[in-house]
Structure formats: C-alpha cells, structure tokens
Amino acid sequence: MIDIMKSTPSPKVIVAVLNWGIGHASRCVPLINELQRSGKEVVVFSDGIALEFLLLQFPSIEFCLVPSYNIRYAGKVLLLEMFFQLPRIAWAAHKERRVLSKWLRNNACEGIFSDNRLGFVSTKVPSYYITHQLNIPVGFLSPMASFFHFLYYRKFKAVLVPDQEGEGSLSGVLSKPFSRRSKIYKLGLWSRFEGKSNVNQQKKEHILILLSGPEPARTEWELELLSQISEQKDKRFVLVRGSSKEREAFQLENLVIYDLLGSEMLENLIERSTGVVCRSGYSTLMDLALLQAKAFVVPTPGQTEQMYLAKYHQSQNHVRTVDQKNFSLKEAVKKLEEGSFSFQKPQKVNFQEVLTRLSQSK
C-alpha cells in the first residue's frame, strides 16, 4: 500500500467531490490548498456546479468529469424522493468505480479523498471518506439509512469528519458513529475562509443572501426571495445565487446579484453584512461559525438534515430560523439587526497536521 505522504515520480492525489450545490466543494478548498502546498499534484473528480466552483477556485488544476448522481429535489419529502433515486445513485457509484479503476491503471496515485462520492475507494491506494453525517436523521428509518451509508464508507481506510469534539460540535448527533468498526477522526471545522479579521468591526452595508443546493428547490426559493426583496426598498441586499444556471433579467436598485464567487470576495461580503440569510447546510454553517457571522437560516423543506441543524443551532442560540412556508424576509432582517445571538469561536482544522497524522496511521 502506498503511503499517502510518500513522494513518487508523479505524486498525484485524488479529491472527489459530490455535486450537491457547492457545500461539499467549498469545504474541500482548504484540503486542496494544503495538498498543493505540500507539493502534491491534485486531481479533482466531480461534475456540475461543484466542479465549476472548484475550477473557479483553482483555474489550472487537473480535473476529470465523472458521471453525475443527477439528484433532483423538488422540496417536498427528501426521504421519498431519495428513495426513488437510489438505483440511479447506486449506478452512478458503480460507474465511479469503473472510472477510478481505469484512471489508476494509467496513473500513479498516493491517496484518495472522497467527499461523499461513494465509488471513490480503492484497495490499492489509501482512501479517505469525508462526511459529517454518520447518523442520518429520517425518523424511524434512521437506523436503516445510517446502516446503508455505513456499508459504503466502511470500505475506506478512515472517515474524516469536519467537526470538533465536545460542546463546540456543529453537527450534533449527525456525526455520532454508527459503528465502532470504522476508524473515525473528528478534525475540527473545515472552511475555505481565513477568518483573520474581526467581522464585528467591519462596516455593515447590506443583508447577504446565500443560495445553494439541488434543483429545482434552489431556483424556487430564489424566485420567492426576489419577490420579497422587491418589497424591501429601504434595505440593501446582495444575493449570491450559488448557480451558473441562466436566469431571467432582474434588476432592483437595492440589489446586487452574483452567480459564483471566489473565497476572498465572498468572505469580504460576509464581513460587511449585517447578517446572512441562507440554508442551514452544514458547510455554510461552518463558514459562518468561523467568521462569527449572524445568520438567519431556512432549511430546505423536507431535508431532514437541514431541519435538524436549524433547530439544533437555534437551541444553542447560534442562529435564528423558521421553515420556508412561514419565512418573511422583513422579519428575518429585523432579527438580524436587533437579535442577540452568535456562534461560539470554533476550532479550525490544521490540514498540515491532518496529513501528517494520516501518513503515520496504520
């Protein structure tokens, strides 16, 4: 077995990223940065908006397009929608394994990091699975769903959880191990942001709205938000769509719209915002926690993970939340401007230490 940190004539490392909005892609940015700093040649395997985002961050990086999971989510009952898409997901994972096997026959590889890409695992190369969701909250079906997830990630050398231990955990029960048979590392929070400046000392200029996630649920909420923004003419808004999908022309004097943004510019927008309106996706929460930003989160309807995270963090007085059908932008802005709530200062992962630790593990 090749040691992940051992140099070879072609020290390539694979980072495979699930295309589910840009959350999985954004949290892989610091990992890729550290791999490149340590002299590794990184090859990204992904598709869709996740791949577009990573190419924006790393314009010269080598990449391979892989079959899409084609996950569609209309914002109703995620469990049922995912159930009917399981054959497609399983087939996509099978095609991933074929793509990986073919690539490995022609390339030397030191290691594989797979962020929720089920098929990117090899018995010949150290393979690491990245996920914060070992325990899947879907009511009475949670044990079954968590077990099937375990059947996939148990094949990896280790599971890397982007969270911290103890009271500062952002994932709550989601990262509770399903089985002790897997080697699991909680490494700290992963964020593409540096978080060097004090967000509370920045001049506040706007309300920032961050969108991401699978279609068509993302677009449906975007249209609703645009309608409500048009009614708030006394406030300034910045909307980051998290999509390169073509949109209809929409112009308001109090609104600036971006599709995708690099990390430095987005961090600056967050720091200059009164608060952030967004989904309660885990990667987004990690970014906002690092920057100590105020957030009003609206879980994707029917997406049980986001629903759990929204309630959990409101109970910890980190955010404010409401479900989408009762959402009022006017009320959200009021709570961001007047409310007293915030994230605790988190522990950010040190990827240099992580890579050293993995290279020494057996």
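Brief remarks on what is shown
- If you filter the range 212-224 down to residues that are crowded, with 20+ Cβ neighbours inside 10 Å and not charged (D, E, K, R), you find that the one that is farthest from the chain's Cα centre (by Cα) is Trp221.
- The range 104-120, residues that are closer than 27 Å to Ser283 by Cα and among the aliphatic types (A, V, I, L, M): Ile112, Leu118
- Residue in the range 154-170 that is hydroxyl-bearing (Ser, Thr, Tyr), in a helix (DSSP H, G or I), in the same structural domain as Leu118 (by TED's automatic domain parsing) and under 20 Å from the mean Cα position of the chain (by Cα) present: no
- Complete set of residues in the range 108-153 that are loosely packed, with under 15 Cβ neighbours inside 10 Å and part of a loop (DSSP other than H, G, I, E, B): Ala108, Thr123, Lys124
- Residues in the range 282-315 that are in a helix (DSSP H, G or I), buried (at least 23 other Cβ atoms within 10 Å of the Cβ) and of a type in the set (Val, Ile, Thr): Thr284 only.
- The set of residues in the range 26-50 that are closer than 13 Å to Cys109 by Cβ and part of a helix (DSSP H, G or I) contains only Leu35.
- Some residue of the range 200-207 being surrounded by fewer than 19 Cβ atoms within 10 Å (Cβ to Cβ) and either part of a strand (DSSP E or B) or hydrophobic (A, V, I, L, M, F, W, C) (or both): yes
- Count of the range 225-243 residues, restricted to those that are loosely packed, with under 15 Cβ neighbours inside 10 Å and either among the acidic types (Asp, Glu) or in a loop (DSSP other than H, G, I, E, B) (or both), is 4.
- In the range 59-67 there is no residue that is among the β-branched types (Val, Ile, Thr), closer than 24 Å to Leu288 by Cβ and touching a residue at least 40 places away in the same chain (Cβ under 8 Å).
The values are calculated or read from the model by the stated rules, or taken from the named source; none is laboratory data. From a predicted model like this one, the values you see are computed outputs, not experimental measurements. As a convention, Cβ positions derive from the backbone with ideal geometry for all residues, glycine included, and neighbour counts pool all protein chains shown.
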